[in-house]
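The values are calculated or read from the model by the stated rules, or taken from the named source; none is laboratory data. Being a predicted model, the structure only gives us computed values, none of them experimental. Quick reminder, even Gly has a Cβ in these numbers, built from the backbone with ideal geometry, and neighbours come from all protein chains shown. The accessibility values were calculated without ligands, DNA or RNA, using every heavy atom of the protein model including side chains. Shrake-Rupley method; radii C 1.70, N 1.55, O 1.52, S 1.80 Å.
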Amino acid sequence: MNGDVKRSYEYAIGCFKATSRQPLSAEQWQRLKSANRTGAEKLLAEFGFPAVNEERSANDSIEKDMASTVAFIRENAPDGELVDLLFFEQDALNLKILIKSARMGQKEPPFELAEGGTDREILKVCAQTEDFSLLGKDLEESLARVPEITDPGELSCVIDTAFLMHSVDTARKKFSFTFAKLLEEYGAGRNRLTALRLRRLGKDPADYPYAFFPENKKTEKVNDDNKTEDEIVREVAKAFDDVIGELGFDEGMGFIARYYFLKKNDASALRLLFAEKSLGGGDADE
């Protein structure tokens, strides 16, 4: 990393530390959980989210805050290519939707695609032709089997793996090793949860090799055979939280990736929280 880039990251990280757009604290989460739905909606505005009103629901507020977060990251992160790697899930989802739409003879997908790191028009061309050379050599090779795959589950898994591994490999090629470590831990956790879901369905994970991300061979494989479901879920969350915690001291893209994942996790948890409050009676005291 040259001196100019290092100074750019120092400036960027200063911006992220100084912004009022911080991930929610434990105290803020406690207040949200203790409030009824109307009270929780008011707390969103207090915590810096767009105000909930007649035109904007809680989910709208959460989505708008996440969009603003992405814009803030793009504005301040020094390396746009590394930033694009953050959105591997959105890119994978967009390509899956576009391929399935094209196979059904639809010229356009049934709903608007998410903003990802890859141009949606390029993804659309790739989906319509099932030729992925426009995405670069590594993704072209990882997606080479797609035209032969008819099972929707396998198709989804192959695309997910291609985009995650593209992010990991590109981060490593650009010497952003802490960012790559975070992505690898994400994949390792997803693998454990996938195996858990398959066993819950009475299936042998060994029969579904395509459902799992490749893992770093240097990482010790975890044996979950004699663990309860709750133990596995807690361990997965803790392992990811541990890496997130380490990146609080990173001086490069790892710090920015940490910020993004914390905000993304907040958004997911908030959607669930408001769904539960709506199902639980809305404005009833809790």
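Quick check on the chain: helices-only [θ] at 222 nm, where DSSP H runs of length 4 and up contribute -39,500 (n - 2.57) each and the sum goes over total residues. Nearest 500, please.
Numbers: 12 runs with 183 residues, N = 286.
Roughly -21000 deg cm²/dmol at 222 nm, from the helical runs in the chain.
What do you reckon, how do Y208, Y11, Y186, Y259 stack up by accessible area (1.4 Å probe), largest on top?
Details: Y208 60, Y11 155, Y186 35, Y259 5 Å².
Output order, biggest surface exposure first: Y11, Y208, Y186, Y259.
At 1.4 Å probe size, put L164, L279 in order of accessible surface, largest to smallest. Working shown, then result.
Numbers: L164 5, L279 155 Å².
Ranking L164, L279 by accessible area, largest first, yields L279, L164.
Only Lys, Arg, Asp and Glu count, each charged at its Cβ (+1, +1, -1, -1), so figure out the dipole size of region 134-286 about its Cα centre, rounded to 20 debye.
Working: 23 positive and 30 negative charges, 77 e Å.
My answer is approximately 380 debye.
Solvent-accessible area of F177, probe 1.4 Å, all protein chains present, reported in Å² to the nearest ten, please.
Surface accessible to solvent at F177 totals approximately 100 Å².
Can you give me the C-alpha center-to-center distance between region 41-77 and region 82-153, rounded to a whole angstrom?
Region 41-77 and region 82-153 have Cα centres spaced 28 Å from each other.
Kindly sort C126, C15 by accessible area of their heavy atoms, largest first, with the probe set to 1.4 Å.
I get C15, C126, largest accessible area first.
Over region 1-92, what percent of the accessible surface lies on carbon and sulfur atoms, probe 1.4 Å?
It is 47 percent, rounded to a whole number.
Quick check: residue separation of K203 and E231 times 0.36 nm, minus the Cα distance between them. What number comes out in nm?
Values: separation 28, 0.36 × 28 = 10.08 nm, distance 1.99 nm.
Result for the pair: 8.1 nm of gain on full extension.
Assuming R0 = 30 Å, can you tell me the calculated FRET efficiency for the pair D169 and A239, based on Cβ-Cβ distance, to the nearest 0.05?
Numbers: r = 21 Å, r/R0 = 0.71.
Plugging the Cβ-Cβ distance into 1/(1 + (r/R0)^6) gives 0.90.
Rg to Rh for region 1-147: what is it, with Cα atoms only and Rh by Kirkwood?
Over the Cα atoms of region 1-147, Rg/Rh equals 1.07.
Taking only protein heavy atoms into account and a 1.4 Å probe, give the accessible area per residue of the chain in Å².
55
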